[in-house]
Structures are given as C-alpha cells and as structure tokens.
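Q: I'd like to ask you about the structure that follows.
The values are calculated or read from the model by the stated rules, or taken from the named source; none is laboratory data. Every value quoted in this text rests on a predicted model; they were computed, and no experiment measured them. With ideal geometry, Cβ positions are generated from the backbone for all residues, glycine too; neighbour counts draw on all protein chains shown. Accessible surface areas use protein heavy atoms only, side chains included; no ligands, DNA or RNA. Shrake-Rupley method; radii C 1.70, N 1.55, O 1.52, S 1.80 Å.
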Amino acid sequence: MIDIKDKVDCCGCGACVSKCPMQCITLNEDEEGFLYPSVSIEECIDCSICNNVCPMISPKEKIKPTNIFAIKNSNESIRLNSSSGGFFTYMAEKTIKDNGIVFGAKFDENWDVIHSYTDCLEGLDEFRRSKYVQSKICETYLQAEIFLKQGRKVLFTGTPCQIAGLKFALKKNYDNLLTIDFICHGVPSPKVWRKYLNEVIAGNKEQKTVSQTKHRIRSTIQRINFRSKQTGWKKYSLSLTLQPNSEGKVIHICSNFKQNTFMKGFLSNIYLRPACYDCKFKSFTSGSNITMADFWGVENYYPDFDDDKGTSLIFLNNIKPELVFHNDNIKKISVSMEHALNGNKAIISSPSSPQYRKLFFKKINKSHKPLSNLLVATFRDRVEMKIERVINRIIGEK
C-alpha cells in the first residue's frame, strides 16, 4: 500500500492511481493545494502494485544526452505563439500527420491545468505555451496505454516526474511511444494559482463560495499566456485576456514576469511542491527520449541565431537526430553541454526552499489578504520564525 509519510516523497505523478487494480486510490488536495494519494484501506488488497510503479521509490537510470541543439521553428507564427522556439509544435504536427496521438497540458473550463490528448492539428494550440501550475494527470496514462496497444504512435509530453510516472506505469517499452519532458524549475501550487486568478478578476474582493469563484473565473477569462512575447522572449509577460465587457471592449492584463505577483512567488520558490526542493528527476533520469528547454544565454554563445523571438534547447537522450528531424520546418545548430548548462542550472540543480515557505502557507490559509501582501516576509514574520526555531530546538533537546 502506498503510504506517504513525508510529502517530499511524493511528486504527484498519479502512477499509483492509474495502476491500482481495485481503483481504491484517489488523489486529494492538501492544505497547500497539491494532490497526494489516499488509499481506501477497506478495499485495498495489499498487492503492492502502487509501490512498484512509484517513480520516487524505484531506481532511475541516468542518461547522457547524445546530441544537443538550439532550435527555431521556421513558422514564425507558431514560434510567436510558443514559449520558446516552437519545437513542441514541430514534433506534435509530425505525430498527428502520421495518425498519432499527442498528450500534453492544457487549461480546463475553470482555468485549472489538466493533462489531455488530441489527434488533430487544430487541438495543438491548447497544449502550446508553458503552464506554471502542476497539471492533473487524469486518465492520460491509461489512455496512452490503450493507444499504444492499438499500434497508434503516441507523443507524451510532461514534467520529468510525469514522464517517469508514465514509464513506470507502462512497465514496458513501446516502439511507437515518444516522450518529451522539459527542464523544470518546480511546480507551483494550484491553490495559489486560483487565488491569484480570483484576485485579478474580482479586484481582491473577499472570496465567495467555491462554485461562485469558479463560475466567475470561467465566465470572465478568455485566454491566459504565462509567456507572452509582447515585450520580447527574454522579457516575457504573464497576460490575461478577459471576455468583452458590456460595451464590447476586450480587456488585456499584461505584466512583466519580474513585476507579476504570481511569477515572482513562483521564481522565488515560495509555493513549489515539497518534492521539487529535492527533485529526483534531475540530470536526465526521467527516461524521456527528448528533453526541451528555453535556451537562456543563447545570445552569449550564438548571437547570430538569437532574435529574441524564442530559441528552444533540445537534448536528444536516447534517440538519433535522423529520427527527429525530417524536413526544413526547423532551424538548428549544435550546442555544447557547457553552453547549455550555463543558462539552465535547473538541469542538474533543485530550487532551494525559502525559510518562510511554511509561514506563507500558514498565512494564506488563514488570511484574506492579497497574494502580494502574503509574499512579503515582514520583520514580524522573521521574528516569528526565529522564535519557532528556538522553541523547536529547545523541544528537541529535551
């Protein structure tokens, strides 16, 4: 039986839920907004399948990339509507044109992030662009397995832990499966994301009921882009497009990532999942065929290749270049690991956990203050933390 004693030991991939033969495991949201497995002891037959497919428990093989490339999609419109260089769309289009299925993260009707799939080119746009919230994997591991057994080609994209979860859930290799993960800074709390959206839309008014809040978010927002390139790729912005008001005016809310409240908290590591602070899937251990990232620092090494419209960094882990690149829809140059690492320390390093993270979640669950206020570690907060540490030390010495 899966038993999470310490939350750092669960990445929320959902492999245990998808493979439980009794379907007695559910993912429930904790006080921080993250999903953790809960087992119905009365229904559990203690078969240990959940433990066997858990990527946090099972040993992982480190893969050394065979090739590294800087990539730009030749279609400028696709690149503009992508987080970086448009590599995902390039691979997804190839898969669908070959009668395949593409899995990825998208927004649902309430602007929560979920995993889903599409088998048509028109459905790809929902999967483009980064979503800085942990997605619910839903039934996608099982759905992917069904398509694979039917002989359909499957492209599955996700965080490194989600790809590892898929691999352990499948328990076998499929020649018709291609997996792509990305260099992950960590996954923020969906609960904090919902609070941010509600504040933006409701003008920081006091929360109403959950159903009213969801309805307001669903009916007000038209589009969200965590990585808008209106001000350039390197100075990206989080933008929200709201539904037309009574006068027919469409409202755009856009703020640079350095000023945006949600992004500041995310990049400061304040509300990441506990497992992210000691990520078990760094250094290419997820088992993915391809790893992608933004090529931060490309202007320092390959200035002629950089135009501030987005450049992808691609690591081919266990797949040959000729199986990836087939046509002229992509521009690429070879890159050294040294240059790749310099701008992407998250390849090998986990984010550090701020001392006031615990206090932040304590406050967010008890206070109706705006998110921006809660992110500020005031003098009083620091004193409170010091007192708590002293008390804990005294208790520990007894």
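Q: Quick check for you: with a 1.4 Å probe and neighbouring chains kept, what is the accessible area per residue of the stretch 59-105, in Å²? Mind showing how you got there, number by number?
A: On the way: 1900 Å² over 47 residues.
Result: 40 Å² per residue.
Q: Right, something else. Counting only other residues whose beta carbon sits under 11 Å from that of residue 187, what net charge do I get with K and R as +1, D and E as -1? Write down the numbers at each step before the final one.
A: On the way: positive: 131, 273; negative: none.
Once all neighbours under 11 Å are counted, the net charge is +2.
Q: For the stretch 323-385, would you read off the P(r) tail past 20 Å as a percentage of all alpha carbon pairs? Can you show the working numbers first?
A: Values: 1140 of 1953 pairs.
Of all Cα-Cα distances in the stretch 323-385, 58 percent exceed 20 Å.
Q: Magnitude of the Cβ-charge dipole of the chain, K/R +1 and D/E -1, about the Cα centre, nearest 20 debye? Don't skip to the answer; put the middle values down first.
A: Values: 57 positive and 42 negative charges, 220 e Å.
With only Lys, Arg, Asp and Glu charged at Cβ, the dipole is about 1060 debye.
Q: Would you kindly find the accessible area of residue 130, with a 1.4 Å probe and non-protein molecules such as ligands, DNA and RNA excluded, rounding to the nearest 10 Å²?
A: Probe radius 1.4 Å; accessible area of residue 130 about 30 Å².
Q: List, in order, the whole-Hz ³J(HN,Hα) value for each residue of the stretch 234-239 obtained from phi through the Karplus relation with A = 6.51, B = -1.76, C = 1.60 and θ = phi - 60°; use x for Gly and Pro.
A: 6, 10, 5, 10, 8, 10
Q: Show 62, 229, 191 ordered by accessible area, largest first, where the area counts protein heavy atoms only and the probe is 1.4 Å.
A: So the residues, ranked largest to smallest area, are 62, 191, 229.
Q: A further question on this structure: In terms of modelled amide H atoms, which long-range or inter-chain residues lie less than 5 Å from the amide H of residue 222?
A: Long-range HN contacts for residue 222: 241, 242, 243.
Q: Rolling a 1.4 angstrom probe over the protein chains, ignoring ligands and nucleic acids, what is the accessible area of residue 91 in square angstrom, nearest 10?
A: 10
Q: Could you tell me the relative contact order of the chain? Use alpha-carbon pairs under 8 Å, at least six residues apart, and round to a whole percent.
A: Details: 693 pairs, mean separation 83.2, N = 398.
The normalised contact order for the chain reaches 21 percent.
Q: Would you pull out the residues with amide H under 5 Å of residue 136's amide H, same chain only if 5 or more places away, H placed 1.01 Å from N?
A: Under 5 Å from the amide H of residue 136 lie the amide H atoms of 113, 114, 115, each far enough along the sequence or on another chain.
Q: Now for a different question. Over the stretch 232-346, with every protein chain in place, what whole percent of the accessible area is carbon and sulfur at 1.4 Å, could you tell me?
A: Working: 2630 of 5290 Å².
Whole-percent figure for carbon plus sulfur exposure: 50.
Q: Give me, ordered by chain and number, the residues 5 or more places off residue 74 or on other chains with an amide H under 5 Å from its own placed amide H.
A: 330, 331
Q: Right, next: Work out the charge dipole of the chain with +1 on the Cβ of Lys and Arg and -1 on the Cβ of Asp and Glu about the Cα centre, then indicate which of 183, 141, 92 is farthest towards its positive end.
A: Toward the positive end, the furthest listed residue is 183.
Q: Can you list the trypsin sites (Lys or Arg not before Pro) in the stretch 238-320 that are in a DSSP coil and have 11 or fewer other beta carbons within 10 angstrom? It would help to have the intermediate numbers written out before the result.
A: Working: sites: 249, 258, 264, 280, 282, 309; in loops: 249, 258, 280, 282, 309.
Sparse-neighbourhood loop trypsin sites (Lys or Arg not before Pro): 249, 258.
Q: May I ask which residue of 222, 284, 251 lies farthest towards the positive end of the charge dipole of the chain, with charges of +1 (Lys, Arg) and -1 (Asp, Glu) on Cβ and the Cα centre as origin?
A: Of the candidates, 251 comes out farthest on the positive side.
Q: Report ³J(HN,Hα) in whole Hz for each residue of the stretch 185-191, in order, from the Karplus equation J = 6.51 cos²θ - 1.76 cosθ + 1.60 where θ = phi - 60°; Gly and Pro get x.
A: 6, x, 9, x, 6, x, 5
Q: Something else about it: Structure shown: which of 5/153; 94/191; 191/386 lie over 32 Å apart, alpha-carbon to alpha-carbon? Let's see the in-between values first.
A: On the way: 5/153 38 Å; 94/191 36 Å; 191/386 27 Å.
Over 32 Å Cα-Cα: 5/153; 94/191.
Q: At 1.4 Å probe size, with no ligands or nucleic acids counted, give the accessible surface of residue 145 in Å², nearest ten.
A: Accessible surface of residue 145 is approximately 30 Å².
Q: Okay, moving on. Leaving out ligands and nucleic acids, note down the accessible area per residue over the stretch 304-390 with a 1.4 angstrom probe, in whole Å². It would help to have the intermediate numbers written out before the result.
A: Details: 5230 Å² over 87 residues.
Heavy-atom SASA per residue in the stretch 304-390 reads 60 Å².
Q: What number, rounded to the nearest 500 deg cm²/dmol, is the helix-based mean residue ellipticity at 222 nm of the chain, given -39500 (n - 2.57) per DSSP H run of at least four residues and division by all its residues? All intermediate terms of the calculation are to be shown ahead of the outcome.
A: On the way: 14 runs with 118 residues, N = 398.
It comes out at -8000 deg cm²/dmol, rounded to the nearest 500.
Q: Which of the pairs 72/235; 106/366; 72/97 have their Cα atoms more than 24 Å apart in this structure?
A: On the way: 72/235 18 Å; 106/366 30 Å; 72/97 20 Å.
Beyond 24 Å: 106/366.
Q: Name the most mobile residue of 307, 181, 328, meaning the one with the largest mean-square fluctuation, in a Gaussian network model of the chain with Cα contacts below 10 Å.
A: 328
Q: If you rank 301, 36 by how much accessible surface each has, with a 1.4 Å probe, what is the order from largest down?
A: On the way: 301 75, 36 20 Å².
Heavy-atom accessible area, descending, gives 301, 36.
Q: For the stretch 309-319, what does the Karplus curve 6.51 cos²θ - 1.76 cosθ + 1.60, with θ = phi - 60°, yield as ³J(HN,Hα) per residue in whole Hz, taken in order and with x for Gly and Pro?
A: The phi angles translate into 10, x, 10, 8, 10, 10, 10, 8, 8, 8, 9 Hz.
Q: Would you look at the GNM of the chain, springs on alpha carbons closer than 10 Å, and say which of 160, 244, 188 moves the most?
A: Comparing 160, 244, 188 in the GNM, the peak value goes to 244.
Q: Setting aside same-chain residues fewer than 8 positions from residue 131, which aspartates and glutamates have a Cα under 18 Å from its Cα?
A: 108, 109, 112, 181, 294
Q: Another question, if that's okay. At R0 = 25 Å, how high is the FRET efficiency between residue 108 and residue 23 if r is their beta carbon distance? Nearest 0.05 is fine. The partial results should precede the final answer.
A: Details: r = 22 Å, r/R0 = 0.89.
The pair residue 108/residue 23 has a calculated efficiency of 0.70.
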